[in-house]
1. Of the conditions (1) surrounded by fewer than 11 Cβ atoms within 10 Å (Cβ to Cβ); (2) under 18 Å from the mean Cα position of the chain (by Cα), residue 140 fails just one. Which one is it?
2. Go through region 267-316 and report how many residues are modelled with pLDDT under 55 and either loosely packed, with under 15 Cβ neighbours inside 10 Å or not in a helix (DSSP H, G or I) (or both).
3. Within region 38-51, which residues are loosely packed, with under 15 Cβ neighbours inside 10 Å and either on the phi > 0 side of the Ramachandran plot or touching a helix residue (DSSP H, G or I) at 6+ places or on another chain (Cβ under 6 Å) (or both)?
4. Would you point out the residue of region 15-33, among those that are surrounded by 13 or more Cβ atoms within 10 Å (Cβ to Cβ) and over 19 Å from the mean Cα position of the chain (by Cα), that is modelled with the highest pLDDT?
5. Out of (1) within 29 Å of residue 72 (Cβ to Cβ); (2) at pLDDT below 90; (3) in a helix (DSSP H, G or I), what's the single condition that is false for residue 160?
6. Is region 105-113 home to any residue that is touching a helix residue (DSSP H, G or I) at 6+ places or on another chain (Cβ under 8 Å) and surrounded by fewer than 12 Cβ atoms within 10 Å (Cβ to Cβ)?
7. Name the single residue that is nearest to residue 188 (Cα to Cα) among those in region 206-246 being more than 18 Å from the chain's Cα centre (by Cα) and surrounded by fewer than 22 Cβ atoms within 10 Å (Cβ to Cβ).
8. Considering each of 48, 81 in turn, give the residue that is in contact (Cβ under 8 Å) with a residue 12 or more places away in the chain and either touching a strand residue (DSSP E or B) at 6+ places or on another chain (Cβ under 6 Å) or assigned to a helix (DSSP H, G or I) (or both).
């Protein structure tokens with residue numbers, strides 16, 4: 001709609017701005033009283049881990065921001081606004097499908113708004129252009145997604161996902177086995193999310209839901225790139241802040257170590273094998289996921305999750 005030179009410039013602040021607003025929203029979910037102390041590490045990490053994606057104007061940042069804003073609205077029971085944000089994220093790039101499916105199961109009241117708004121969004125091009133051409137494009141998009149999902153299995157290009165990591169370690173996984181593993185871990189992710197949902201406030205659960213959905217996406221999307229890991233920055237920042245506030249410095253220093261390795265993964269790869277690695281970031285993502293599960297277990301044992309529960313209830317009364 002604008003001259004290319006103008007559009008290229010304007011797209012960056014819009015892309016970064018939506019991500020920033022989403023990051024502030026999820027920081028508010030993490031801590032109502034100390035949101036700034038959470039937003040600060042989230043911001044620093046997002047700048048460092050997302051600099052390349054922001055420079056290139058990649059869509060992952062705005063999608064991540066919309067996902068975080070949708071989770072904020074879920075905690076407020078704003079089902080139609082949640083669906084609107086998710087539909088927009090899905091229209092920009094279908095990476096948000098993992099969170100959409102999880103929310104559809106865990107919050108069934110989002111299903112009808114999402115389907116309705118998605119149908120309306122798909123109807124607009126049919127009304128504005130030749131319907132036959134638009135329908136052909138919709139059919140072609142399904143074929144494109146199907147082909148894109150097999151790129152990782154064909155090993156034509158390196159991608160920073162779990163099966164490429166296994167390949168670098170000498171383990172080649174057949175395509176059918178990869179599909180079964182994806183399904184199993186999808187069900188496991190859903191089960192863990194359901195378990196957390198019934199033991200925490202909506203605010204705390206939203207943090208875990210974002211973290212688990214993004215980790216699953218990064219590890220099992222066949223076309224995960226190194227820049228895509230910018231989506232993990234808000235989760236890393238929140239859990240690092242939580243750790244230094246209450247969970248213990250051991251977890252905090254562990255998260256800092258993961259962050260350091262993330263930021264210098266390319267240099268570490270060149271130092272180890274003479275070129276950037278594609279296996280280090282998915283490996284770090286797995287380690288981060290294990291730490292999150294361990295911290296969750298410790299919070300349940302020590303009662304810290306109950307303190308967050310009380311904080312969430314207090315927020316509910318204030319609102």
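1. In the conditions (1) surrounded by fewer than 11 Cβ atoms within 10 Å (Cβ to Cβ); (2) under 18 Å from the mean Cα position of the chain (by Cα), residue 140 misses (2) alone.
2. Total satisfying the criteria: 6.
3. 48
4. That would be 31.
5. If we test residue 160 against (1) within 29 Å of residue 72 (Cβ to Cβ); (2) at pLDDT below 90; (3) in a helix (DSSP H, G or I), just (3) comes out false.
6. Checked against the condition, which is being touching a helix residue (DSSP H, G or I) at 6+ places or on another chain (Cβ under 8 Å) and surrounded by fewer than 12 Cβ atoms within 10 Å (Cβ to Cβ), region 105-113 yields no hits at all.
7. Across region 206-246, the extreme among qualifying residues is 243.
8. None of the other options fit; the residue is 48.
The values are calculated or read from the model by the stated rules, or taken from the named source; none is laboratory data. The structure displayed is predicted, hence computed values, not measured ones. A quick note on method: Cβ atoms are made from the backbone with ideal geometry, for glycine too, and the neighbour counts reach across all protein chains shown.
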